[in-house]
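Below: one structure, written as structure tokens.
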Amino acid sequence: MFKEFSISTENRYQLVDITKRVEEMVKESGVEEGLILVFTPHSTAGILLTENEEGLKNDWLEIFKKLTSEIDFQHNRIDDNADSHILSGLMGQGRVLPIKDSKIVRGTWQQIFFAEFDGPRTRRIIVEIT
Amino acid sequence: MFKEFSISTENRYQLVDITKRVEEMVKESGVEEGLILVFTPHSTAGILLTENEEGLKNDWLEIFKKLTSEIDFQHNRIDDNADSHILSGLMGQGRVLPIKDSKIVRGTWQQIFFAEFDGPRTRRIIVEIT
Amino acid sequence: MFKEFSISTENRYQLVDITKRVEEMVKESGVEEGLILVFTPHSTAGILLTENEEGLKNDWLEIFKKLTSEIDFQHNRIDDNADSHILSGLMGQGRVLPIKDSKIVRGTWQQIFFAEFDGPRTRRIIVEIT
């Protein structure tokens, strides 16, 4: 089952918890066991599993800076978002999780996040359940 | 086919080779061609494909330190494991590999590892074969 | 459907755009909706989704250096490619994308790349479509 939804981000870098929305789609799909791909068709955003805790969300922003600092990016001469592409590619734009008993199998502190690296923008999120 | 097993880790950071156990599950599954997801439902651990060589395993520990050093993490005020969450999220908690002729297709030096970032703990590993 | 092809790289680090070849395989497969795994069975290479822009491709090379610099790798005493293994494991050796209407769903600037971290070599790329 292929599903799609959109979200709007407000900041250049932002983590948006999409767990609830994705879990509703699994329920709707009727799939009892299998795989779910959560994917974003963008090259300056990512999908991430992490804990939804305010301090940690700020820590992620520091890591994004640390990973891409101190480089004179060539891509910035045509578009000022080389760091966004790098973070997107490194983190990856999708995550695959198992489904069992009609539910995503995940840890208590393992929420599903959309990671914005070049906002604010409207972004597509795709869910494929097999 | 959904399968699950547990492992116990001894150190805060540790790489545990789980290739053999995962390959036995593929054999048991009877699946001739398809996909396997190796996934850990935790937000302070990861799944990684790398070579099982003692020096390299130590090098990974140095990289874990390098990636998360020199940041005053906010999450550490409530739980002293921000670095564990960051490494888990960055590396990812799952890997998907192809199956052909009833075997995982992988390189000679491409072993499947569980990566502990906040041990020692008992950890769940999930295998979904489709 | 399981498919495989090879590419040859010319440099130690190199990004090779394989989008066209992979998309032809999706067409041939006849699969209308599902998943595609693009995977490389090597522990010193990766698969990456990023924009095919010359400046950005050079920026990636700078990031590869930044991520692995200033460490005296133990693995280099037996084989001078610890950094290649680290980059491969961190980035991951595969990417999973959704298929809809017989096409890979991806962003305009989200090309599929093979990432060489220890070239020049001949490398295998595996495509599993389900």
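Report yes if residue A:58 is over 24 Å from residue B:81 (Cβ atoms) and of a type outside the set (A, V, I, L, M), otherwise no.
The answer is no for residue A:58.
Give me a count of the residues in region B:37-81 that are within 16 Å of residue A:67 (Cα to Cα) and hydrophobic (A, V, I, L, M, F, W, C).
5
Could we say that residue B:77 is of a type in the set (Lys, Arg) and either touching a strand residue (DSSP E or B) at 6+ places or on another chain (Cβ under 8 Å) or touching a residue at least 12 places away in the same chain (Cβ under 8 Å) (or both) here?
Here the answer is no, as residue B:77 does not meet what is asked.
Give me a count of the residues in region B:77-106 that are at positive phi and either polar (S, T, N, Q) or in contact with a Lys or Arg (Cβ under 6 Å, 6 or more places away or on another chain) (or both).
Within region B:77-106, residues that are at positive phi and either polar (S, T, N, Q) or in contact with a Lys or Arg (Cβ under 6 Å, 6 or more places away or on another chain) (or both) number 1.
Taking residue B:59 as meeting all but one of (1) of a type outside the set (A, V, I, L, M, F, W, C); (2) assigned to a loop (DSSP other than H, G, I, E, B); (3) facing another protein chain (nearest Cβ under 7 Å), write down the number of the exception.
Among (1) of a type outside the set (A, V, I, L, M, F, W, C); (2) assigned to a loop (DSSP other than H, G, I, E, B); (3) facing another protein chain (nearest Cβ under 7 Å), residue B:59 violates only (2).
For region B:62-85, give me each residue that is within 7 Å of another protein chain (Cβ to nearest Cβ), basic (Lys, Arg) and within 30 Å of residue C:80 (Cβ to Cβ).
B:66
Pick from region C:85-107 the residues that are among the polar types (S, T, N, Q) and in contact with a Ser or Thr (Cβ under 8 Å, 6 or more places away or on another chain): which of them is farthest from residue C:12 (Cα to Cα)?
By that ranking, first place goes to C:93.
Only one of (1) surrounded by fewer than 18 Cβ atoms within 10 Å (Cβ to Cβ); (2) touching a Lys or Arg at 6+ places or on another chain (Cβ under 7 Å) fails for residue B:42. Which number is that?
Every condition holds for residue B:42 apart from (1).
Please enumerate the residues belonging to region B:31-56 that are facing chain C (nearest Cβ under 7 Å) and β-branched (Val, Ile, Thr).
B:50, the sole residue that qualifies.
Please report, ordered by residue number, the strands (runs of 3 or more DSSP E) entirely within region C:1-54 with at least 3 residues that are of a type in the set (A, V, I, L, M) and under 19 Å from residue C:87 (Cα atoms).
C:45-50
Go through the residues of region B:23-36 one by one and say whether even a single one is touching a Phe, Trp or Tyr at 6+ places or on another chain (Cβ under 7 Å) and under 18 Å from residue C:68 (Cα atoms).
no
When region B:20-69 is examined, which residues are found to be without any contact (Cβ under 8 Å) to a residue 24 or more places away in the chain and among the β-branched types (Val, Ile, Thr)?
B:63, B:68
Restricting to region B:98-130, count the residues that are closer than 15 Å to residue C:43 by Cβ and touching a helix residue (DSSP H, G or I) at 6+ places or on another chain (Cβ under 9 Å).
Selection size over region B:98-130: 8.
Looking only at region A:100-130, count every residue that is in contact with a Phe, Trp or Tyr (Cβ under 7 Å, 6 or more places away or on another chain) and aliphatic (A, V, I, L, M) and tell me the total.
2
Does any residue in region B:95-117 that is more than 7 Å from every other protein chain (Cβ to nearest Cβ) come within less than 8 Å, Cβ to Cβ, of a residue that is assigned to a strand (DSSP E or B) and at pLDDT below 95 six or more places away or on a different chain, and which pairs are these?
Note: no pairs meet the criteria.
Which is closer than 26 Å to residue B:106 by Cα and of a type in the set (D, E, K, R), of C:103, C:27, C:66?
C:27
The values are calculated or read from the model by the stated rules, or taken from the named source; none is laboratory data. Since we're looking at a predicted model, the values are computed, not measured. Every residue, glycine as well, gets a Cβ built from its backbone with ideal geometry; the counts of neighbours run over all protein chains shown.
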